[in-house]
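Beneath this line is the structure, given in structure tokens, with notes to follow.
The values are calculated or read from the model by the stated rules, or taken from the named source; none is laboratory data. This one's a predicted model, so the numbers in the text were calculated from it and none came from an experiment. Methodologically, a virtual Cβ is constructed for each residue, glycine included, from the backbone with ideal geometry; neighbour enumeration extends over all protein chains shown. Quick note on the areas: whole protein, heavy atoms, side chains included, nothing else; ligands and nucleic acids left out. Shrake-Rupley method; radii C 1.70, N 1.55, O 1.52, S 1.80 Å.
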Amino acid sequence: MTTTHAPPLSRGTRPGSGAGNIVVLTGAGISKESGLDTFRCADGIWNRVRLEDVATPEGFQRNPALVHDFYNARRRGLHDPAVEPNAAHAALARLEAEWPGEVLIVTQNIDDLHERAGSRNLIHMHGELNKARCDGCQGVVAWHEDLALDSQCPLCGETGWMRPHVVWFGEMPLEMDRIFSALDESALFLSIGTSGAVYPAAGFVSHVRRFTRARTVELNMEPSEGATLFQETLYGPATRVVPAYVEQLLATAG
Ligand code: BV8
């Protein structure tokens, strides 16, 4: 585990001074040790399937059955009893419960491991595998089994309009206003388990540096594409570095 430390911040902006709010961005790396694949690692999803075919509206238009198969396989994988929240998810749920200020998790992940670990203040900016959306009535419903072209919308009764409630490339991520409001009020921005390859999430650290005095920290297996933008970095498996960092943070809580 390697660590780089910036000079201590001036008093008042030091996280843990009581009122400091924390925004935590997570990516696929936080779920890796729970048995879920990442996207860009050597054994990642985008090395097995083209994102243009399964994670774009054009791909869905071209071959909806292929896209349904892709997300059905991932949804079934998520429901495997062996797939459970890990110590990193649990540490973030503890941080939310024990930190004196607000803690918001903004996850790029579409799995439900943060919720299952106990996190409540959570935004899935790229959608959720356990939800489906009807392109007919725009209704969003819980969905745990396979989706297909002839799936019926439980809200409007139409068939042929159901799709995964997932944000594809070229689509607007969810709850962006709420995310930027939280970033603007943050005293600490943590980025965990993300390659920093996908925008607008990858741009959050630049936004925080430009418009706030928040401390920026990256916890990852290896330097992300935005690593140099972080004042502090800790590298190693999330189940090791995240609990250690949360422990240290709570020890400083005012
Ligand atoms: C949009 C679907 C605008 C769900 C995904 C500049 C500004 C704005 C947009 C763009 C821009 N430049 C380009 C764009 C377009 C595009 C984009 O960013 N393209 C990239 C490829 C350049 N962005 C978009 O299209 C976004 N939409 O901008 O809309 C708009 C404006 C007006 C009107 C309409 C629209 C939408 C982006 C969302 C796309 N959907 N997924 C799904 O199938 O899951 S993104 C996909 O990548 C994943 O979902 C994931 O969320 C995301 C990021 O991946 P990571 O989570 O970081 O995973 P990755 O594998 O890359 O990295 C894992 C990391 O973990 C690694 O660093 C690894 O070292 C580490 N790790 C591994 N093991 C461990 C570990 N760390 C700790 N412990 C371990 N054990």
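Binning all Cα-Cα separations of the chain at 10 Å, short to long from zero, yields these whole-percent fractions: 7, 31, 35, 19, 8, 1. Taken along the Cα-to-beta-carbon direction at a fixed 7 Å, the label points for Thr252 and Phe169 span 3.8 nm. A crude spin-label estimate for the pair Leu66 and Asp43, with each label 7 Å from Cα along the Cβ direction, gives 2.5 nm.
Might you tell me the accessible area per residue for region 61-154, computed with a 1.4 Å probe and given in Å²? If you can, show how the numbers build up before the last one.
Numbers: 4120 Å² over 94 residues.
That works out to 44 Å² for each residue.
Selection among Met125, Trp99, Gly157 by position relative to the dipole of the chain gives Trp99 as farthest towards the positive end (Cβ unit charges, Cα centre).
Name the shape class, rounded, prolate or oblate, that the alpha-carbon gyration tensor gives for region 69-186, where a ≥ b ≥ c are the square roots of its eigenvalues, rounded holds for a/c under 1.5, and otherwise prolate holds if a/b is larger than b/c and oblate otherwise. Walk me through the numbers on the way to the answer.
Numbers: a/c = 2.61, a/b = 1.53, b/c = 1.70.
Oblate is the answer for region 69-186, as a/c is 1.5 or above yet b/c matches or exceeds a/b.
FRET efficiency for the Tyr199 to Gln152 pair, using the beta carbon distance and R₀ = 41 Å, is estimated at 0.70. About the centre of its Cα atoms, region 43-85 shows a dipole size close to 100 debye [charges on the beta carbon of Lys, Arg (+1) and Asp, Glu (-1) only; nearest 20 debye].
Please state the charge dipole magnitude for the chain, taken about the Cα centre, from unit charges on C-beta atoms (+1 on K and R, -1 on D and E), reported in debye and rounded to the nearest 20.
Details: 22 positive and 31 negative charges, 146 e Å.
So the magnitude is around 700 debye.
On the chain, 53 percent of the accessible area sits on carbon and sulfur atoms, based on a 1.4 Å probe.
Each residue of region 110-125 is assigned a 3J(HN,Hα), and the resulting list reads 9, 7, 10, 6, 4, 4, 5, 7, x, 5, 10, 8, 8, 10, 8, 5 Hz, derived from the Karplus form 6.51 cos²θ - 1.76 cosθ + 1.60 (θ = phi - 60°), x at Gly and Pro. His207 sits with roughly 40 Å² accessible to a 1.4 Å probe, with DNA, RNA and ligands left out of the calculation.
Build a GNM of the chain with springs between Cα atoms under 10 Å apart, and of Asp53, Asp111, Asp177 the one that fluctuates most is Asp177. Taking every DSSP bridge with both residues inside the chain, close to 30 percent are antiparallel.
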